[in-house]
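Worksheet: the structure to be examined is printed underneath.
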Amino acid sequence: MTKKILLISQNFYPEIGSAGNRMKNIYLMLKKEGYEIDVLTTDPTYPNRNFYDDPSFWDDQQLNETTDVTRVKIQNRKYSRSFMNRLVYYLEMAIKMIGIVLGRREKYEYVYTTSPPIFVAVVGLIAKFRFKAKLILEIRDLWPDSLKGVGVFNYPLIIGFFRKIEKMLYRRADEIVVNSQGFIEHIKNEQEGTEDKITYVPNGARFHEISKPTYNSKTFKAIYAGNLGLAQDNEILLLLAEKLKNRNVELTIMGYGYHSQHLKEEIKARKLNNVTFVHPATRAECFELISEHQVGIVTLVDKDVFKTVLPGKIIDYMTCGVPIIGSVDGLAKNVIKENEAGFVSDTKHADDLVSYIDRLLEDPLLQKRLSKNAQQYVRRNFMWEENIHSLIGIMEKQEKRITNKLRKVEL
């Protein structure tokens, strides 16, 4: 019998970014394996709802024509430092999603829900009881720790309340999926009894997305592709741009998010004509652009919570065979260094990043070796065609448990 899944996520196709791409791949790969999936999500808004007036973002005809996706429209704006603005956004989203869940008459064997935000995970918990289904809880970020890390808010009473919800979700979930191995220890420490229900399913690429770099060897270009938000060290990126100007190194920024406008203004004020801002694009267009560069830049602010994450742009750079220069720590640093896919600054100073770029400028063979290492690592660890079977294994495990219980009752 075909199993039916309700996937509940804030982010979904055609949104750019790791979360939207992840949910799209889970949907497509499980459908390919014969599962029936309904999606409950929002209208695309990340990082700006106006992006999606451009039809080029709606580039998947299969998803454009499907009737499996239900979208809720949110009136309030969310991307702000204001905690209250975000709270209102999340509450509106959760209330509308809960209304849809309670009004449905379909039967689901599994509810797959994601956090952050934690409000969507709560909707998933309600759906678990509404449909008497197994709950698969996906953790893509340690919320609310990440909110503290970026300085959005730090009110002890509110943090304490969200921690109680976090623990309840871990306890009530039948299975927990994480996209970073760095989250596993945190979850086990927060809630006892979770050891046997945590499964690592990383973000990744599809086989068709791996291709040879296409850069012009006569020019040397670096790229920063992704969010310029509260979690990123945008100041070091600005300092790096200044220093690269003296080396005739071009820097492309395909950025969006909270600090993007400030960065554009600073680039203009400092007359950094070696920097080019590019409008965010579809995933295919983004990969095509990344492949034209010799270096990919990644930064994170120096907070403990971000030592547990592996930014999606690292996997994207590796997929395109672009060596990485990073100002990161923890898991991200280890992945880059241990697999010789690039260099990471220990001091988190722009001078370090420049010195690594100088090494690549002077040594094309080193650049090619790092490129090869990066793509080999992606093929071994980050292919959706392989990793989707970990997720299927979770559901098969639950089905075996149900079968064994029924047999015991019959006996």
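The values are calculated or read from the model by the stated rules, or taken from the named source; none is laboratory data. Small disclaimer: the values here were computed from a predicted structure and weren't measured. Virtual Cβ from ideal backbone geometry, glycine too; neighbours counted across all protein chains shown.
Summary table below
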read-out: The range 262-278 residues that are assigned by TED's automatic domain parsing to the domain that holds R247 and under 17 Å from D233 (Cα atoms), paired with ones that are among the small types (G, A, S) and surrounded by 12 or more Cβ atoms within 10 Å (Cβ to Cβ) (beta carbon under 8 Å, 6 or more apart); value: L263/G255; I267/A241
read-out: Qualifying residue in the range 60-80 (condition: within 26 Å of A281 (Cβ to Cβ), of a type outside the set (D, E, K, R), touching a Ser or Thr at 6+ places or on another chain (Cβ under 9 Å) and crowded, with 20+ Cβ neighbours inside 10 Å); value: no
read-out: Residues of the range 28-63 that turn out to be under 25 Å from V123 (Cα atoms) and not in a strand (DSSP E or B), as a count; value: 13
read-out: Restricting the range 158-174 to residues that are under 14 Å from L125 (Cβ atoms) and among the basic types (K, R), the residue that is nearest to the chain's Cα centre (by Cα); value: K167
read-out: Positions within the range 185-205 being assigned to a loop (DSSP other than H, G, I, E, B), surrounded by 13 or more Cβ atoms within 10 Å (Cβ to Cβ) and not polar (S, T, N, Q), in sequence order; value: V201, P202, G204
read-out: Test: residue in the range 171-183 that is more than 15 Å from S115 (Cβ to Cβ) and modelled with pLDDT under 95; value: yes
read-out: Scan of the range 113-135 for residues that are over 17 Å from L391 (Cβ atoms) and either of a type in the set (V, I, T) or assigned to a strand (DSSP E or B) (or both), ordered by number; value: I118, V120, V122, V123, I126
